[in-house]
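Down below is the structure, laid out as structure tokens.
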Amino acid sequence: MEDFWYEFIEIIQTIGDGLLFGSTYALIGIGFTLIFGAMGKLNMSYAAAAIAGAYSGLAAFVLIDAPLFLVFLISSFASAVLGYLLYLCCFRFIPSSNHLAALMASVGGLFLIDELIVHATQGSPLTFPSIFEDSYFEIGPFGIRGDLLFVFLIGLVSTGILLYVLFRTRLGLATRAVAQQDVAARLCGIGVHKTNSMTFAIAGLLGGIAGAMTAAAVGVLSPVMTVPLTIKGLIVTVIGGLGSIPGAIIAGLFVGGFENVFLYVRGIDERDMYVVALLFIFLVFRPNGLFSKTITRD
Amino acid sequence: MKKITQLLMAGLLVSFFIFAQNSFAADRSVKVLGWGAKSGPLKSFGVNSEAALRSAVDQINSAGGVRMGDGTMVPMEVIGYEDSSCKKDQAIAILRKTASTTDAVVGMGTTCSGVCQAMFGVLQKKVGDTSDSGLQMPILADTCIRPGLAKISDWAFRNVPNEVSMYDELFAWLKKTHPNVKTFTGGSETDQGHSFGTYTAIIVQKAIKAGFEWVGPSVSQLGPKVGQGKKELIAAAKSQHWLMGDTNYTVQARKIKKQNADMVIVASHPFSACGMLKEMKRQRIKPKMLVGLTSSASQETLNGCMKAAEGIIIPTGFAPITAEANKANGIVAKAGGFLDLHSSAAWENAYLVKTAVERASLMGTPNSLQQDRMNFRNALASITAMDGLIGPVTRDPDSGEATKPYVYAQVVNGKWKVIHDPRG
């Protein structure tokens with residue numbers, strides 16, 4: 001019986017840790033889904049831009065000894081600028097009907113950013129300033145990492161702000177209008193390209209926060225993080241449903257919890273196999289994900 | 001007048017020959033080419049080995065260089081230090097290029113045991129075996145430390161410590177000096193051959209041999225012999241290991257916390273060792289003793305997690321405990337590197353090359369390259385003892401493995417401190 005309770009507590013704790021860490025996946029997933037919702041296209045270079053943004057924040061920390069809040073701010077804005085540039089390079093001038101070209105251009109963007117980071121840092125991991133590194137709250141048999149709790153709260157706040165922008169501002173109205181029918185939006189006087197570029201920049205802001213949060217939680221920043229974050233972001237987007245922001249949040253937390261449970265049950269060598277299998281299963285059996293509605297345009 | 005002209009002519013002729021010989025000597029050099037990880041998570045290994053190798057070569061050259069077979073003194077030259085990035089295919093490509101397109105007499109490096117294993121595999125296995133078309137290029141390794149690799153080829157040489165004896169003596173000493181430490185557990189990174197192999201085949205077994213009790217997941221087959229119960233240990237403890245690039249260690253740390261061992265072993269390279277140590281600190285895991293992997297006895301660990309690593313004990317083949325080691329340490333630091341267990345071997349290897357070249361009577365001409373490589377290999381094989389930075393280094397001609405002196409270092413107040421020298 002004692003063993004049962006121990007295992008029960010451990011599983012709950014494992015899921016809890018995973019959920020908290022999953023909030024970074026959720027932030028990345030929201031960025032993916034925001035761009036997909038607005039343009040109907042996947043920006044594969046999104047997570048790489050998020051990590052590149054975090055590197056910019058780190059550069060400010062190293063070069064001018066910037067305080068933590070400035071590090072996060074710079075990470076966020078740098079990622080927004082990168083998001084805007086990626087929109088110009090990979091989406092703006094490619095015909096909207098050519099989905100494959102835009103997808104491949106953004107894959108190219110992912111590898112280019114990755115290579116630029118490797119070139120600049122020789123691929124070596126760099127220490128990122130941690131937040132609440134030593135804070136650990138113990139509640140009965142359970143423990144909660146303070147830094148992950150902070151990441152989780154920042155994720156919630158960011159999502160709240162994003163939802164406010166989307167549903168309570170003219171920019172959000174324009175974004176939703178372009179997402180629903182870009183021709184009609186244009187006829188109403190909405191600048192489609194301006195709205196799309198703003199969407200990329202806002203998604204970039206969010207990505208920069210996610211990149212900096214992930215680096216702060218881990219304590220290091222490394223280019224080896226870009227591809228796994230891209231994969232996790234994609235998995236989250238697919239499971240949550242392409243275009244669904246609540247879906248991305250829930251799926252992000254779910255993927256975080258899921259991978260931790262499989263680490264606990266099956267060990268480190270099999271953990272990622274099950275997470276990727278989850279993507280495969282959703283794509284085959286529920287391609288619209290958990291929350292996405294069937295999109296019917298025109 | 002005629003006589004004076006003849007004397008002048010003779011003088012000019014002699015001067016010409018002297019000048020020609022000097023300029024020939026100046027053009028000649030003993031060329032070596034190094035490679036190691038200069039990018040990726042193990043970048044510091046390659047960077048430090050390169051700095052150590054180049055610094056040692058500078059010292060040799062400023063002391064006169066290397067004596068060739070015809071008696072002339074020539075400089076040693078590092079014609080390059082390539083980035084093998086801890087990737088097997090990259091290292092093999094560099095080895096092939098070095099053997100076929102350069103006049104390097106020896107290849108020096110490289111980072112990562114798995115890479116060395118693959119690279120040594122493309123060398124000719126037995127010298128003189130005409131049926132074996134493997135590369136005939138001497139390789140002198142400084143970093144890849146996994147036991148047994150030198151047996152792969154007669155062309156492969158290693159100046160790396162023997163981890164079996166290092167951990168054997170370390171645990172025996174810890175048992176004697178810390179009788180209150182009775183139980184142990186630990187974890188490692190599964191995607192790094194050296195860390196995981198050493199942990200599952202040597203470290204755990206040697207701790208058991210010394211009398212410590214394993215309190216990790218139950219593995220009845222575990223015992224004191226090297227490799228005993230390794231397969232079963234890997235299967236049973238799979239949830240308390242991690243990957244080198246991992247970002248979340250909560251599950252592994254909690255498993256270890258539950259086992260409540262007196263001694264925790266974190267057998268991992270600095271990047272992931274720091275991740276795990278930070279998580280252990282966060283979860284308030286305070287074992288009586290922390291033991292680490294040889295490769296983590298480096299500045300990299302202090303840079304990454306000085307506070308979390310406080311108290312960790314690691315056996316290491318280098319510490320500035322002799323005048324020679326102290327001097328080398330200062331020189332390499334000025335060159336932008338750190339001397340540690342691995343890079344100190346790169347320093348020693350430069351002097352080993354000098355000794356072997358002088359013993360082999362190399363000619364160092366373009367026409368003699370293949371013969372020079374063979375003579376160099378034979379000379380290297382004949383060397384069974386040399387002066388290392390912290391003491392004599394010997395080599396067993398049968399196994400090809402080196403035996404190096406080592407000390408036990410501990411992080412004390414954020415700095416590495418030598419706490420014991422087994423030689424007394």
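Points worth noting:
- Antiparallel bridge percentage (DSSP; both residues within chain B; nearest 5): 35 percent
- Inter-chain Cβ neighbour count for A:261-268, averaged per residue, equals 6 (cutoff 10 Å, partner chain atoms only).
- Efficiency of FRET from Cβ geometry, B:LYS97 and A:VAL284, R₀ 45 Å, rounded to 0.05: 0.50
- Coupling constants for the stretch A:167-179 follow from the phi torsions by the Karplus curve (6.51 cos²θ - 1.76 cosθ + 1.60, θ = phi - 60°), and in residue order they are 10, 10, 10, 5, 4, x, 4, 5, 4, 5, 5, 5, 5 Hz; glycine and proline get x.
- Close amide H pairs (under 5 Å, H built 1.01 Å from N) link B:ARG158 with B:ALA141, residues at least 5 positions away or on another chain.
- For chain B, the 222 nm mean residue ellipticity estimated from helices alone, with every DSSP H stretch of n ≥ 4 adding -39500 (n - 2.57) and the total spread over all residues, rounds to -13000 deg cm²/dmol.
- Against the empirical 2.2 N^0.38 Å (N residues), the stretch B:66-130 has a Cα radius of gyration ratio of 1.32.
- Calculated SAXS-style log₁₀ I(q)/I(0) at q = 0.12, 0.20 Å⁻¹ - the stretch A:178-247, Debye, Cα scatterers: -0.48, -0.97
- Debye log10 I(q)/I(0) for the stretch A:147-298, one point scatterer per Cα, at q = 0.10, 0.14, 0.18, 0.20 Å⁻¹: -0.43, -0.82, -1.23, -1.39
- Estimated at the nearest 10 Å², the accessible area of A:GLU7 is 80 Å² with a 1.4 Å probe.
- Peptide B:232-239 has a mean of 3 when you count, residue by residue, the C-beta atoms of other protein chains within 10 Å of its C-beta.
- Taken about its Cα centre, chain A carries a charge dipole of about 1720 debye when Lys and Arg each add +1 at the Cβ and Asp and Glu each add -1 at the Cβ.
- With N counted as the residues of the stretch B:163-316, its alpha-carbon radius of gyration over 2.2 N^0.38 Å works out to 0.92.
- Sorted peptide list for A:157-165, A:38-46, criterion being average Cβ within 10 angstrom, highest first: A:38-46, A:157-165
- Bins of 10 Å, starting at 0 and running to the largest distance - Cα pair percent for the stretch A:238-298: 24, 44, 25, 6, 1
- Sequence of B:LYS415, B:LYS281 from largest to smallest accessible area, 1.4 Å probe: B:LYS415, B:LYS281
- Antiparallel DSSP beta bridges within the protein assembly as shown, percent to nearest 5: 40 percent
- The protein assembly as shown - accessible surface per residue (Å², probe 1.4 Å): 42 Å²
- C-alpha long axis of helix B:88-101 to longest principal axis of chain B, angle in °: 10 degrees
- Heavy-atom accessible area with a 1.4 Å probe sorts B:HIS420, A:HIS119, B:HIS269, largest first, into A:HIS119, B:HIS420, B:HIS269.
- If you wrap the tightest convex hull around every Cα atom of chain B and split its volume per residue, you get 149 Å³.
- Between 0 and 90°, nearest 10: helix B:343-360 axis offset from chain B longest Cα axis: 40 degrees
- Sorting A:THR230, A:THR169 by solvent-accessible area of protein heavy atoms yields A:THR169, A:THR230, largest first, with a 1.4 Å probe.
- Bridgeable lysines around A:LYS194 (alpha carbons under 27 Å apart, same-chain partners fewer than 8 residues away excluded): A:LYS41, A:LYS293.
- Per-residue SASA remark: B:THR101, around 100 Å² accessible (1.4 Å probe; ligands, DNA and RNA not included).
- Taking label positions 7 Å along the Cα-Cβ direction at both A:LEU88 and A:LEU100, the computed distance is 2.9 nm, reported to one decimal.
- Cα-based Rg / Dmax (Å) for the stretch A:2-285: 19.0, 68
- Across A:ILE94, A:ILE250, A:ILE64, mean-square fluctuation computed from a Gaussian network of chain A (C-alpha pairs under 10 Å connected) peaks at A:ILE64.
- Translational D in µm²/s for the stretch B:237-310 (Stokes-Einstein at 10 °C, 1.306 mPa s, Kirkwood Rh from C-alpha pairs): 131 µm²/s
- Taking a point 7 Å out from the Cα of A:MET273 in the direction of its Cβ, the residues of the stretch A:219-262 whose backbone N falls within less than 18 Å of it are A:258-262.
- √(5λ) per eigenvalue of the Cα gyration tensor, the stretch A:69-143, largest first, Å: 36, 17, 14
- Compared with the dominant principal axis of the Cα atoms in chain A, helix A:46-64 is inclined by about 70°.
- Pair-distance distribution P(r) for the stretch B:279-424, from all Cα-Cα distances in 5 Å bins starting at 0: 2, 9, 15, 17, 15, 13, 11, 7, 5, 3, 2, 1, 0, 0 percent.
- Area accessible to solvent at B:SER361, 1.4 Å probe radius, in Å²: 60 Å²
- With N counted as the residues of the stretch B:40-178, its alpha-carbon radius of gyration over 2.2 N^0.38 Å works out to 1.22.
- Among B:VAL412, B:VAL204, B:VAL160, the residue with the largest mean-square fluctuation in a Gaussian network model of chain B, with springs joining Cα atoms closer than 10 Å, is B:VAL412.
- The protein assembly as shown, accessible surface, carbon-and-sulfur percent (1.4 angstrom probe): 63 percent
- Chain pair B, A: total accessible area buried, heavy atoms, 1.4 Å probe, Å²: 2900 Å²
- Sites A:ARG176 and A:LEU156, calculated FRET efficiency, Cβ-Cβ separation with R0 25 Å, nearest 0.05: 0.70
- Whole-Hz couplings from phi, Karplus 6.51/-1.76/1.60, listed for the stretch A:152-162; x for Gly and Pro: 4, 5, 4, x, 5, 4, 4, 5, x, 5, 4
- Overall dimensions of the protein assembly as shown by Cα: Rg and Dmax, Å: 29.8, 118
- Take each residue in B:34-46, count the other chain C-beta atoms within 10 Å of its C-beta, and the mean is 3.
- The residue among B:VAL226, B:ALA319, B:SER39 whose Cα reaches farthest toward the positive pole of the charge dipole of the protein assembly as shown, with charges on the beta-carbon of Lys, Arg, Asp and Glu, is B:SER39.
The values are calculated or read from the model by the stated rules, or taken from the named source; none is laboratory data. This structure is a prediction, so every number in the text was calculated from the model and none was measured. Virtual Cβ from ideal backbone geometry, glycine too; neighbours counted across all protein chains shown. Just so you know, the surface numbers come from the protein's heavy atoms only, side chains and all, with ligands and any DNA or RNA stripped out. Shrake-Rupley method; radii C 1.70, N 1.55, O 1.52, S 1.80 Å.
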